[in-house]
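What follows is one structure encoded as structure tokens, with my remarks underneath.
Rule-based calculations on the coordinates, nothing more; no lab input. Bear in mind that the values here come from a model prediction, so they are computed numbers and not experimental data. Using ideal geometry, Cβ is built from the backbone for each residue, glycine included, and neighbour counts are taken over all protein chains shown.
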Amino acid sequence: MSKRDYLGDFEQVVLLAVMRLGPDAYGVSIKHEIEQRAHRKVTLGAIYPTLDRLEAKGLVSSRVGKPTAERGGRAKRHFEISAAGRKALRRSREMLAALWDGFEQEATP
């Protein structure tokens, strides 16, 4: 596997948020999803470069929606996870599960 095949921690978090939100996921909704579910503070300045990187890897696709008055005539960029993105998440989950195997049964100090 090449380095490109592995997902970083934040890439996984963003992909999972996109998958949960469905085809209408966009920057602010992804930020809120991560903060609500992962209890992790994130900025849009971290999310958008990650989404761009995931799109370059073919793990998400994006489309520009219609401009809205509530956004001052600007359009939202919507993201959707691709089949390759789902596959990458599965591989990451399997790799982590293999690494964690055997630790679940240990007593915590």
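Give the lysines whose C-alpha is closer than 18 Å to that of Lys57, dropping any in the same chain fewer than 8 places away, or say none. Hits, sequence-local ones excluded: Lys3, Lys87.
Counting only residues at least eight positions apart within a chain, or on another chain, the lysines with an alpha carbon under 23 Å from that of Lys66 are Lys31, Lys76. Rounded to the nearest 10 degrees, the angle from helix 44-56 to the longest Cα principal axis of the chain is 80 degrees. Residues in the stretch 75-90 carry Karplus couplings, in order, of 9, 8, 9, 9, 10, 9, 6, 9, 4, 5, x, 5, 5, 4, 5, 4 Hz; the curve used is 6.51 cos²θ - 1.76 cosθ + 1.60 with θ = phi - 60°, and Gly or Pro positions show x.
Taken over the stretch 46-88, the convex hull of the Cα atoms encloses 74 Å³ per residue. Only DSSP H runs of four or more residues enter the estimate; each adds -39500 (n - 2.57), and after division by the residues of the chain the mean residue ellipticity at 222 nm equals -16500 deg cm²/dmol. Counted by neighbouring Cβ atoms within 10 Å, the residues Ile34, Ile81 run from fewest to most as Ile34, Ile81. The ranking of Glu70, Glu80 from fewest to most other beta carbons within 10 Å of each one's beta carbon is Glu70, Glu80. Counting beta carbons within 10 Å around each of Phe10, Phe79 and listing the fewest first gives the order Phe10, Phe79.
Note on the stretch 7-100: percent of Cα-Cα distances in each 10 Å bin, starting at 0 and stopping at the bin with the largest distance, equals 16, 48, 29, 5, 2. Between Arg77 and Asp9, what FRET efficiency follows from the Cβ-Cβ distance if R0 is 30 Å, with the result rounded to 0.05? In this case the efficiency is close to 0.80.
On a 0 to 90 degree scale, rounded to 10, what angle separates helix 9-21 from the longest Cα axis of the chain? Compared with the principal axis, the helix lies near 60 degrees.
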